[in-house]
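The values are calculated or read from the model by the stated rules, or taken from the named source; none is laboratory data. Fair warning: this is a prediction, and the values are worked out from it, not measured in the lab. All Cβ positions, even for glycine, are placed from backbone atoms using ideal geometry, and neighbour counts span all protein chains on display.
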Amino acid sequence: MTVTSIGWLEAALLGLVQGLTEFLPISSSAHLRIIGPFLPSGLDPGAAFTAITQIGTELAVLIFFRKDIARIATAWLRGLGDRAVRKDPDVRLGWLIIVGSLPIGILGLLLQDAIETYLRNLYLTATMLIAFGVLLGFADRTAKQRTTLAQMTWRDGILFGFAQAMALIPGVSRSGGTITMGLLLGYTREAAARYSFLLAIPAVMASGGYQLYKSFGVAGPVAPGPTALATVVAFFVGYGVIVGFLKIVSNRGFWPFVIYRILLGIVLLAMLNAGRLAPI
């Protein structure tokens, strides 16, 4: 009998993978895309499922960084009516998060069909895993690590935004793209990682909300119930990953993730060439 949908246990597993990989610079969308063919159903959960489950991990960000978010939001709102407050770095940071979210929002709408179809080709995913793994390694090795978030300029904020937009291609990684850009621009590892979390909030919540609206009443590879379960699992797992990731970054840098990305990309190419996986 042909299976036409992903079940509850499979959805829970996908939520676990989403929570484990969303904040690491290894691409959660790539992992969800790769793991699909190995599930009992053999189905790709799809771009909509990925976007919706990311709401769970972003809720973890909202809770973990609630003090930073409240401080930035309060300063930004005060800056709207008080010129003296506008010199506060948190006011600028609030505007930079808004401006930096525009590239991925605009490109996401313009490239929507491509994102849901040929950009999910596993040959492309494998290539992005390796290429951006090498780039992350180069950035981590050569980074000056002098700049903090309080020193962020408008130029840097826009560059961060375009780096995040690269994550529309599975294999790049939202956090990997922004962290790599931050290191290349001279930011500290922790500053680059923290900003990648903050910058992702508007884009991920908007994308997930849009996919929820778009998929309402439409049959897909994952039913609403299992999707909700996956989102809850992603939230709890993601919260724990944030804590561990920031400790790893501070003490060991990004090389464990660089090596993992390159090895995963090579294994994926080998499986594709051997016919063990279909590219689409």
For the condition in contact with a strand residue (DSSP E or B) (Cβ under 8 Å, 6 or more places away or on another chain), under 22 Å from ILE115 (Cα atoms), modelled with pLDDT of 90 or more and not acidic (Asp, Glu), what is the one hit in ALA191, ALA230?
ALA230
When residues of the stretch 114-151 are limited to those that are part of a loop (DSSP other than H, G, I, E, B) and in contact with a helix residue (DSSP H, G or I) (Cβ under 6 Å, 6 or more places away or on another chain), the one nearest to GLY253 (Cα to Cα):
ALA143
Just wondering, is there one or more residues in the stretch 71-87 that are part of a helix (DSSP H, G or I), crowded, with 16+ Cβ neighbours inside 10 Å, out of contact with any strand residue (DSSP E or B) (no Cβ under 8 Å at 6 or more places or on another chain) and touching a residue at least 60 places away in the same chain (Cβ under 8 Å)?
yes
Checking the structure you have, find out if any residue of the stretch 106-124 is under 30 Å from PRO89 (Cβ atoms) and within 16 Å of the chain's Cα centre (by Cα).
yes
Residue check: is SER41 at pLDDT below 85, under 17 Å from VAL233 (Cα atoms) and either assigned to a helix (DSSP H, G or I) or in contact with a helix residue (DSSP H, G or I) (Cβ under 9 Å, 6 or more places away or on another chain) (or both)?
no
Can you tell me which residue within the stretch 4-36, out of those that are modelled with pLDDT under 85 and in contact with a helix residue (DSSP H, G or I) (Cβ under 9 Å, 6 or more places away or on another chain), is nearest to LEU136 (Cα to Cα)?
SER29
Starting from the stretch 8-23, take each residue that is under 12 Å from PHE236 (Cα atoms) and list its partners that are among the acidic types (Asp, Glu), counting only C-beta distances under 8 angstrom and pairs at least six apart or across chains.
none
Which residues, taken from the stretch 66-92, are in contact with a helix residue (DSSP H, G or I) (Cβ under 6 Å, 6 or more places away or on another chain) and closer than 22 Å to GLU22 by Cβ?
ILE72
Please work out if LEU102 is under 17 Å from PHE197 (Cβ atoms) and either surrounded by 15 or more Cβ atoms within 10 Å (Cβ to Cβ) or among the aromatic types (Phe, Trp, Tyr) (or both).
no
Matching entry among THR153, THR142, THR127, THR147 (being touching a strand residue (DSSP E or B) at 6+ places or on another chain (Cβ under 7 Å) and either surrounded by fewer than 21 Cβ atoms within 10 Å (Cβ to Cβ) or among the aromatic types (Phe, Trp, Tyr) (or both)):
THR147
Go through (1) surrounded by fewer than 21 Cβ atoms within 10 Å (Cβ to Cβ); (2) hydrophobic (A, V, I, L, M, F, W, C); (3) assigned to a helix (DSSP H, G or I) and name the single condition ALA278 misses.
(3)
Please list, ordered by first then second residue, the pairs with beta carbon atoms under 9 Å, 6 or more apart or interchain, first in the stretch 260-271 and more than 15 Å from THR21 (Cα to Cα), second exposed (fewer than 13 other Cβ atoms within 10 Å of the Cβ).
ALA270/ARG276
Has the stretch 178-188 got at least one residue that is within 16 Å of GLY100 (Cα to Cα), modelled with pLDDT of 90 or more and outside any helix (DSSP H, G or I)?
yes
